[in-house]
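The structure under discussion appears below in the form of structure tokens.
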Amino acid sequence: MTYEELQNAPLCLSGRQLTKVFVNGKVSKTAVDHVDFDFHQGEVISIVGESGSGKTTLSKMLLGLLNVTSGTIYFKGEERKIRTMAQRRAYWNGIQAIFQDPFSSYNIFHKIDAVLDDCINMRYGRHIDKQKREDLKTEACSFVNLKYAELTNKYPFELSGGQMQRLMIARIFLLKPQILLADEPTSMIDACSRATILDMLLKLRDETGMTVIFITHDIGLAYYISDTVYIMEHGKFVESGSADEVILHPKAAYTKRLISDVPKIHEEWNLDDVFTGEE
Ligand SMILES: Nc1ncnc2c1ncn2[C@@H]1O[C@H](COP(=O)(O)OP(=O)(O)O)[C@@H](O)[C@H]1O
Ligand SMILES: [Mg+2]
């Protein structure tokens, strides 16, 4: 879909005047400062800013892991309600996250088979028949170029970093959330498997129509991967728009500075020549 088509797609997640103030004794810190945003179905959005700009605080509010100080979050056009555990669970069916450290996403005492079974239980219930279950697991693994038969008896710590990241994407493939939020998902791995991971996430978006929110300090990565870019400085969005508009024709001084820190923005992210699809 083109950028214009995406802007007319149904709303998935929106925020109005969303704010987070941390108060410690007499000191208060506004980490997210009255931000407005509209994320659409199937849109890939990057939120870009330097360390301390408020990205993680914003993602925790979006995930419902941190209370909002003021402002409102809308999920599919309606005010998000996560007061009760049942409401919270329902919301978490719609939004999933992947974090920097893939190890933290797994219970280390669970074999990979059990990790995938948990996803199937969450998405389809416990009573799905055995053959269908095996088919889903095989399909999810092959989607990320992993061989299910070789993994089934292993523990997460027996995998390489790249395999672990791919297993994380296999989980998302099974869970099929409407929104995937990825906070600096690729910083732990080398450039080649990084390209593989990013391409798998984009393929997943193409197949499922999920909305993908990337949180990153890397404006080059944002250009490579996203339809829409929001630039965050000191808790505020200083600029937003299509990736081309924001990065090729930046208006805010802060955006210009972020771009000037990446001298070869186009060359660096032309990954076709390093992408092999395998580690
Ligand atoms: N729990 C907290 N208590 C007080 N200040 C916090 C807390 N979490 C984050 N901050 C502050 O909020 C600002 C934004 O932090 P953060 O959201 O982690 O930024 P980023 O992810 O962009 O690096 C920083 O100044 C940080 O020190
Ligand atoms: Mg952060």
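Restricting attention to the range 92-104, does a residue exist that is within 16 Å of ligand 2 (Cβ to nearest atom), at pLDDT below 95 and assigned to a strand (DSSP E or B)? Yes; the residues of the range 92-104 include at least one that is within 16 Å of ligand 2 (Cβ to nearest atom), at pLDDT below 95 and assigned to a strand (DSSP E or B). Residue check: Val48 meets all listed conditions (1) near ligand 1 (Cβ under 7 Å from one of its atoms); (2) over 23 Å from Lys76 (Cα atoms); (3) under 19 Å from the mean Cα position of the chain (by Cα) but one, namely (1).
Quick grid of which residues meet (1) over 21 Å from Ala182 (Cα atoms); (2) at pLDDT 95 or above; (3) within 16 Å of ligand 1 (Cβ to nearest atom); (4) in contact with a Leu (Cβ under 6 Å, 6 or more places away or on another chain):
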{"residue": "Leu11", "(1), (2), (3), (4)": "no, yes, no, no"}
{"residue": "Val23", "(1), (2), (3), (4)": "yes, yes, yes, no"}
{"residue": "Ser53", "(1), (2), (3), (4)": "no, yes, yes, no"}
{"residue": "Tyr74", "(1), (2), (3), (4)": "no, yes, no, no"}
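Residue by residue through the range 25-51, note down the ones that are in a loop (DSSP other than H, G, I, E, B) and over 17 Å from Leu181 (Cα atoms). Give the steps one after another, and end with the answer.
Step one: list which residues in the range 25-51 are in a loop (DSSP other than H, G, I, E, B), which gives 25-26, 41-43, 49-51.
Within the range 25-51, Gly25, Lys26, Glu50, Ser51 qualify.
Regarding the range 33-44, can at least one residue be identified that is on the phi < 0 side of the Ramachandran plot, within 16 Å of ligand 1 (Cβ to nearest atom) and out of contact with any Gly (no Cβ under 8 Å at 6 or more places or on another chain)? Steps first, please.
Pass one, the range 33-44, residues on the phi < 0 side of the Ramachandran plot: 33, 35-41, 43-44.
When the remaining residues are screened for being within 16 Å of ligand 1 (Cβ to nearest atom), the result is 33, 35, 37.
Narrowing further to those that are out of contact with any Gly (no Cβ under 8 Å at 6 or more places or on another chain): none.
Scanning the range 33-44 turns up no residue that is on the phi < 0 side of the Ramachandran plot, within 16 Å of ligand 1 (Cβ to nearest atom) and out of contact with any Gly (no Cβ under 8 Å at 6 or more places or on another chain).
Total residues in the range 119-143 satisfying the condition of being at pLDDT below 90 and buried (at least 16 other Cβ atoms within 10 Å of the Cβ): the figure is 1.
Screening Leu146, Leu202, Leu167, Leu221 for residues that are more than 28 Å from Gly15 (Cα to Cα) and either of a type in the set (S, T, N, Q) or not in a loop (DSSP other than H, G, I, E, B) (or both) leaves exactly one candidate, Leu167.
When the range 47-68 is filtered for residues that are within 10 Å of ligand 2 (Cβ to nearest atom), among the polar types (S, T, N, Q) and either surrounded by fewer than 21 Cβ atoms within 10 Å (Cβ to Cβ) or under 18 Å from Arg16 (Cβ atoms) (or both), the ones remaining, listed by number, are Ser51, Thr56, Thr57, Ser59. Scanning the range 53-61 for any residue that is without any contact (Cβ under 8 Å) to a residue 24 or more places away in the chain, charged (D, E, K, R) and within 30 Å of Val262 (Cβ to Cβ) turns up at least one such residue. Is it fair to say Glu184 is surrounded by fewer than 20 Cβ atoms within 10 Å (Cβ to Cβ), at pLDDT below 90 and within 16 Å of ligand 2 (Cβ to nearest atom)? The answer is yes for Glu184. It is to be established whether one or more residues within the range 89-101 are charged (D, E, K, R), without any contact (Cβ under 8 Å) to a residue 24 or more places away in the chain and within 23 Å of Thr208 (Cβ to Cβ). Taking every residue of the range 89-101 in turn, at least one turns out to be charged (D, E, K, R), without any contact (Cβ under 8 Å) to a residue 24 or more places away in the chain and within 23 Å of Thr208 (Cβ to Cβ). Does Leu58 satisfy the criteria of being within 16 Å of ligand 1 (Cβ to nearest atom), within 23 Å of Leu201 (Cβ to Cβ) and not in a helix (DSSP H, G or I)? Taking the combined requirement at face value, the residue does not satisfy it.
The values are calculated or read from the model by the stated rules, or taken from the named source; none is laboratory data. Bear in mind that the values here come from a model prediction, so they are computed numbers and not experimental data. Positions of Cβ are generated from backbone atoms using ideal geometry, with glycine treated the same way; all protein chains shown enter the neighbour counts.
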